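**Student:** Take this structure, written in structure tokens, and hold onto it; I'll ask about it next.
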């Protein structure tokens, strides 16, 4: 029997890729990423509006914000290591066990943040404990996003890869909605009570969400692509494949997330800090309310934009998002400085909707940058390094730029640089028809992806 015939006999039947299976996998991806992004965003929100007072009370406000964002940034630099560790598990033993472990680690670390005493109680040990817990969060998120993307995209029918990949991306706005909504509600309780104990409630409450997520993840099936026995190197050395064989594409993957990660955190985390700081002086309830509404709208448009990615191509959708998000950031800054509550709500939502067009197609776009062999490691490493460089440093760079120049337009300039990097990286990235519904693994023509 020929090698081709043998391979074809080991391929799962075509009906492996059903919408029912894809919907179940997409739901599992969405639930898990919602919980993990909720955990991540409550830390980001607390770093912007709480931690400067609770953990760095003796510092000048601007220095306290920089210090808080430094603890926030630590997690991003452990994402690549998390991608390597859990990517190896996901490529060797399956996507499902890797994702279960990441969820548990993230949950334990997040609940523990809510239990850390303030600087007034234990001194320098408080921010040190924060850093340790952020390291654990970073490791978990480093392995989460890539695996959730693969669970959704690898289980989807051929013409709906971007749509079902959008379920993974749905976790971002839903997690942000839960996080900012929780802080918005608690911020109205009074500043003293909020800074004393109220901010801890969202962290402690995550234990309930983790239990739900664990139950959902435990019931999901392994992806057909991982189970395909016709892939002879599928369980070989994932890190070698990612770093040695895939390194040019890995660099493109890193650049692709410049806006989806770095720009996103400027538009959310840094904007919250800038708006509530002495520079603008808005009440926290105003900007948190705007962010909550924006997260709700972002959740609504994510799947339609992902479906648009199947109709136009993930790349074209990404281009639309990169360009429009930069354009809308300019009037948003003007609205913040004018204290125009109505326009703040409108433009915060407009920026987040525009950025959804960079976020919605990202799972499918990055999944198909790599062949299935070593894919979990490759996609996690590419996303993790990109998130470390752009997502981790962007709020810190933005706050440092403003502290040095006193000019908010320097931050908009940084956003523009990230936009160019994302556009060029997306343009250069290959796209493979590489799932087991296809007979070959070859790049799609440039006309189909440009």
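**Student:** Taking residue 262 as meeting all but one of (1) surrounded by 21 or more Cβ atoms within 10 Å (Cβ to Cβ); (2) without any contact (Cβ under 8 Å) to a residue 12 or more places away in the chain, write down the number of the exception.
**Tutor:** All conditions pass for residue 262, except number (2).
**Student:** Can you pull out the residues in the range 274-317 that are out of contact with any helix residue (DSSP H, G or I) (no Cβ under 7 Å at 6 or more places or on another chain), modelled with pLDDT of 90 or more and closer than 27 Å to residue 343 by Cβ?
**Tutor:** 300, 304
**Student:** Determine which member of the set 111, 153, 116 is touching a residue at least 24 places away in the same chain (Cβ under 8 Å) and surrounded by fewer than 24 Cβ atoms within 10 Å (Cβ to Cβ).
**Tutor:** Working: 153 fails: surrounded by fewer than 24 Cβ atoms within 10 Å (Cβ to Cβ); 116 fails: touching a residue at least 24 places away in the same chain (Cβ under 8 Å).
Only one candidate passes the filter, namely 111.
**Student:** Next up: Give me a count of the residues in the range 23-52 that are within 30 Å of residue 156 (Cα to Cα) and more than 15 Å from the chain's Cα centre (by Cα).
**Tutor:** The initial filter retains those residues of the range 23-52 that are within 30 Å of residue 156 (Cα to Cα), namely 23-41.
Okay, now just the ones that are also more than 15 Å from the chain's Cα centre (by Cα), so 23-28.
So the count comes out to 6.
**Student:** Quick one: which residue in 342, 365, 336 is part of a helix (DSSP H, G or I) and within 30 Å of residue 238 (Cβ to Cβ)?
**Tutor:** 365
**Student:** Within the set of pairs 6 or more residues apart or between chains, which connect a residue that is on the phi < 0 side of the Ramachandran plot and surrounded by fewer than 23 Cβ atoms within 10 Å (Cβ to Cβ) inside the range 300-322 to a residue that is modelled with pLDDT under 95 and not in a helix (DSSP H, G or I) with Cβ atoms less than 7 Å apart?
**Tutor:** Here the result reads 315/450, each pair linking the range 300-322 to a residue that is modelled with pLDDT under 95 and not in a helix (DSSP H, G or I).
**Student:** In addition: So is residue 111 part of a helix (DSSP H, G or I), farther than 24 Å from residue 204 by Cβ and touching a helix residue (DSSP H, G or I) at 6+ places or on another chain (Cβ under 6 Å) or not?
**Tutor:** Numbers: part of a helix (DSSP H, G or I): yes; farther than 24 Å from residue 204 by Cβ: no; touching a helix residue (DSSP H, G or I) at 6+ places or on another chain (Cβ under 6 Å): yes.
Considered against the rule, which asks whether it is part of a helix (DSSP H, G or I), farther than 24 Å from residue 204 by Cβ and touching a helix residue (DSSP H, G or I) at 6+ places or on another chain (Cβ under 6 Å), residue 111 comes out as no.
**Student:** Now for a separate question. Just a yes or no: is a residue in the range 53-61 within 22 Å of the chain's Cα centre (by Cα) and part of a helix (DSSP H, G or I)?
**Tutor:** Applying the first criterion (within 22 Å of the chain's Cα centre (by Cα)) to the range 53-61 yields none.
No, that holds for no residue.
**Student:** Of the residues in the range 387-401, how many are assigned to a helix (DSSP H, G or I), touching a residue at least 24 places away in the same chain (Cβ under 8 Å) and surrounded by fewer than 23 Cβ atoms within 10 Å (Cβ to Cβ)? Explain how you work it out, then say what you get.
**Tutor:** The first filter runs over the range 387-401 and keeps only residues assigned to a helix (DSSP H, G or I), leaving 387-391, 394-401.
Restricting the remaining residues to those that are touching a residue at least 24 places away in the same chain (Cβ under 8 Å) gives 387-391, 394-396, 398-400.
Of the ones still in play, those that are also surrounded by fewer than 23 Cβ atoms within 10 Å (Cβ to Cβ) are 389, 396, 400.
Going through the range 387-401 one residue at a time, the tally reaches 3.
**Student:** Looking for whichever is buried (at least 24 other Cβ atoms within 10 Å of the Cβ) and within 17 Å of residue 267 (Cβ to Cβ) here; the options are 355, 334. Which one fits?
**Tutor:** On the way: 334 fails: buried (at least 24 other Cβ atoms within 10 Å of the Cβ).
Exactly one of 355, 334 is buried (at least 24 other Cβ atoms within 10 Å of the Cβ) and within 17 Å of residue 267 (Cβ to Cβ), namely 355.
**Student:** Name the pairs: first residue in the range 38-56 and crowded, with 24+ Cβ neighbours inside 10 Å, second residue modelled with pLDDT of 80 or more and not in a helix (DSSP H, G or I), Cβ to Cβ under 7 Å, at least 6 apart or on different chains?
**Tutor:** Going by the 7 Å Cβ cut-off, the qualifying pairs are 55/118.
**Student:** Sticking with this structure for a sec: Listed residues 218, 194, 160; which is farther than 30 Å from residue 282 by Cβ, surrounded by fewer than 24 Cβ atoms within 10 Å (Cβ to Cβ) and modelled with pLDDT under 85?
**Tutor:** Details: 194 fails: farther than 30 Å from residue 282 by Cβ; 160 fails: modelled with pLDDT under 85.
Criteria check complete, one pass: 218.
**Student:** Can you tell me which residues in the range 237-261 are over 18 Å from residue 427 (Cα atoms) and either out of contact with any helix residue (DSSP H, G or I) (no Cβ under 8 Å at 6 or more places or on another chain) or at pLDDT 90 or above (or both)?
**Tutor:** Start the filter on the range 237-261 by keeping residues that are over 18 Å from residue 427 (Cα atoms), which leaves 237-245.
237, 240, 244, 245, listed by residue number.
The values are calculated or read from the model by the stated rules, or taken from the named source; none is laboratory data. Values in this document were obtained by computation on a predicted structure and should not be read as measured data. Glycine also receives a Cβ, built like all others from the backbone with ideal geometry; neighbour counts cover every protein chain displayed.
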